[in-house]
């Protein structure tokens, strides 16, 4: 019995050591870091007051930072005035009065899982569109163009036999 208890204790301690090891720990990115990673390779456009609801095909909540709406390949970043209540695990409920989601619309925040409880709301600001950077077309220049193939020179004519 003592051997069994020792084995269980050793296994428990080994498991605790593994769980605490840095190999298992993953550093969680801040909201700003998550947003920067999401926007890599994109350039900001002129802020707009509204986006079409029918064009939206995805929403991502960036913890305590922003709400990102996706529409036809463009990411619209909305940074509410008080984003501290935003959680990446929230359910967003927005009451709209038309076919657009606009600045000053109110987004209600509900907890996910179990009974869903309202825990706050945020007012939307302008939407900043981020589009993918278009790679410039490569136009060959004289320096990068391949050299023309040398022209074949005709063989000299045979000399008349003397």
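Every number here is computed from the coordinates shown, using simple stated rules; none is lab data. Since we're looking at a predicted model, the values are computed, not measured. FYI the Cβ positions are ideal-geometry reconstructions off the backbone, even for glycines, and counts take in every protein chain you see.
Annotations for the structure displayed:
- The fewest-to-most ranking of 42, 28 by surrounding Cβ atoms within 10 Å reads 28, 42.
- Its relative contact order, with pairs defined as Cα atoms under 8 Å and 6+ residues apart, puts the stretch 27-132 at 32 percent.
- Normalised by 2.2 N^0.38 Å, where N is the number of residues, the alpha-carbon radius of gyration of the stretch 73-133 equals 1.23.
- A straight chain from residue 93 to residue 44 at 0.36 nm per residue would run longer than the Cα-Cα distance by 15.0 nm.
- For the stretch 27-132, alpha-carbon Rg over 2.2 N^0.38 Å: 1.04
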